[in-house]
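Worksheet: one structure, shown below.
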Amino acid sequence: MKTMSTMTKRMTTVAVAVACAVLWPAGAFAQVFTIPDRIEKLSEKAKESTNITLDGALLKLASAFLNSNDKDQRAAKEIVGKLKSIHVRNFEFEKDNEYSDADLDPIRSQLKSPAWSRIVEQRERGEHTQIFVKIDKERVGGLVILSAERRELSIVIIDGEIDPKQISALGGNFGIPKDLPNPTATSKDSAE
Amino acid sequence: MHDDLRDALRRVDPPAGFAERVIEKARAENVRVDDVRLKADATKGATNVRWWAVAATLVVALGGGAWYRTEERRRQDGEEAKRQVLLSLNIAGTKLRSIEMKVNSHEEGR
């Protein structure tokens, strides 16, 4: 009995070790974004708010329901197929100063790893706009938009491979401009 | 009176063919009993079949209902996920357009 128990323990240890070895790389490269509670609670103050969190399973489900015969939906389907997650928080307020730009700092701190590059940084009339992209093997592996306006706050976090050509192809379909600023040039010009 | 009683109880031989008629009648009665048994068995079998049919219909109806509800729920979830994906891309696109315009106007102003 004692031998059996020891064997079972050893087998369990081996199984856990194998599971860790198999799962570790995925966990190591997948970035989980955390939206601060302070941001989530802004919906209570906002006139209008949008809260969207779509992970892998939901993205697959959405992709299955996107109609390939429709031009716009086909374009969206191609993009969604390569994404790992989408987080969108959008708040519109009736008056100014309902939130602080510093409320976004916890998100900015999650973008400090070398993989992320800030390609747009603009401060103008109390508005603060930033675009970050994640470069993964010379491809854009993620996109984050932080747009803090006086009465509107928008956070868009797209994790997954986004081909710039696909973004260009989206131009007009979902309001994405066809002529995006050159990331490298903008980065040099606009980054702090 | 004694004589009358003795005459009444006197042994009398049955008429000719009596035994054959009794046997024949008994056979006929047995056949009728078998018929009744067969009919009862048939009725019982039909009732069983009816119950099985009802049970099968119920199972199919419940299973179909559960499947329909699951599919309907999946369809609703899928449509909602699709709506959210399109809305997300719409917001992302709108923001990118807005940022592009700001950057362009800023650069033109330099």
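Quick rundown of the values:
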| item | result |
| --- | --- |
| Residue check for A:K41: under 20 Å from B:K95 (Cβ atoms), surrounded by fewer than 13 Cβ atoms within 10 Å (Cβ to Cβ), at pLDDT 90 or above and more than 14 Å from every other protein chain (Cβ to nearest Cβ) | no |
| Any hit, the stretch A:134-143, residues being outside any helix (DSSP H, G or I), among the acidic types (D, E) and closer than 22 Å to A:K82 by Cβ | yes |
| Residue identified as touching a residue at least 40 places away in the same chain (Cβ under 8 Å) and either not assigned by TED's automatic domain parsing to the domain that holds A:P36 or not in a helix (DSSP H, G or I) (or both) among A:S147, A:S154 | A:S154 |
| Of the criteria (1) in contact with a helix residue (DSSP H, G or I) (Cβ under 9 Å, 6 or more places away or on another chain); (2) in contact (Cβ under 8 Å) with a residue 12 or more places away in the chain; (3) within 14 Å of B:I99 (Cα to Cα); (4) surrounded by fewer than 21 Cβ atoms within 10 Å (Cβ to Cβ), which one A:E124 fails | (2) |
| Subset of the stretch B:53-110 (residues that are loosely packed, with under 11 Cβ neighbours inside 10 Å and among the aliphatic types (A, V, I, L, M)) | B:A53, B:V54, B:A55, B:A56, B:L58, B:V59, B:V60, B:A61, B:L62, B:A66 |
| Pair list, Cβ < 6 Å and 6+ apart or interchain, from the stretch A:62-87 residues that are assigned by TED's automatic domain parsing to the domain that holds A:L143 and at positive phi to residues that are assigned to a strand (DSSP E or B) and at pLDDT below 90 | none |
| Only listed residue being under 22 Å from A:L111 (Cα atoms), modelled with pLDDT under 85 and surrounded by 10 or more Cβ atoms within 10 Å (Cβ to Cβ), chosen from A:A30, A:A15 | A:A30 |
| Subset tally (residues that are in a helix (DSSP H, G or I) and more than 26 Å from A:A64 (Cβ to Cβ)) for the stretch B:61-110 | 17 |
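Conditions tested, residue by residue: (1) surrounded by 13 or more Cβ atoms within 10 Å (Cβ to Cβ); (2) under 20 Å from B:K102 (Cβ atoms); (3) within 14 Å of chain B (Cβ to nearest Cβ).
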position	(1), (2), (3)
A:G81	yes, no, yes
A:K84	yes, no, yes
A:N90	yes, yes, yes
A:F93	yes, yes, no
A:D96	no, yes, no
A:S117	yes, yes, no
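The values are calculated or read from the model by the stated rules, or taken from the named source; none is laboratory data. What you see is a predicted model; the values in this text were computed from it and never measured. Methodologically, a virtual Cβ is constructed for each residue, glycine included, from the backbone with ideal geometry; neighbour enumeration extends over all protein chains shown.
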